[in-house]
Amino acid sequence: MKFKLFTFLKDKNILVFIKEQIVNIIKKNKDNMINKKEELKEIAENYIKNKTPQAKELAVNLIMSNIKLGFPYNLFKGKIKKIIEQNIEKLVKFILDKIQEL
């Protein structure tokens, strides 16, 4: 996503940025993803089935630890984490779809 000075902090723009980061991670680590596919699938399915706070925290932390936040997004890690937490179900389903494409 191209950086837009006045609109980059809108929730929908940050969500698009996060999805782009997830796709980039999957593309760059395609060989490793095949090995980790089952582990990621298990974490995602565990969240969908249980929806416990622990499963949500694990999924959010997994996403936050793997996305690369460049400038200016690295200045707003808290807001990005909050958006991930609010949209975790959409992101988990998105990740499962991308994993199935491998």
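Laboratory data are not the source of any read-out in this text; all were calculated from the coordinates shown. Treat the numbers as computed from the prediction; the structure is a model and nothing was measured. As a convention, Cβ positions derive from the backbone with ideal geometry for all residues, glycine included, and neighbour counts pool all protein chains shown.
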**Complete:** Links exceeding 21 Å between C-alpha atoms in this model, out of 10/56; 27/77; 19/68, come to 10/56; 27/77
**Asked** If r is the Cβ-Cβ distance from residue 50 to residue 7 and R0 is 35 Å, what FRET efficiency results, to the nearest 0.05?
**Response** 0.50
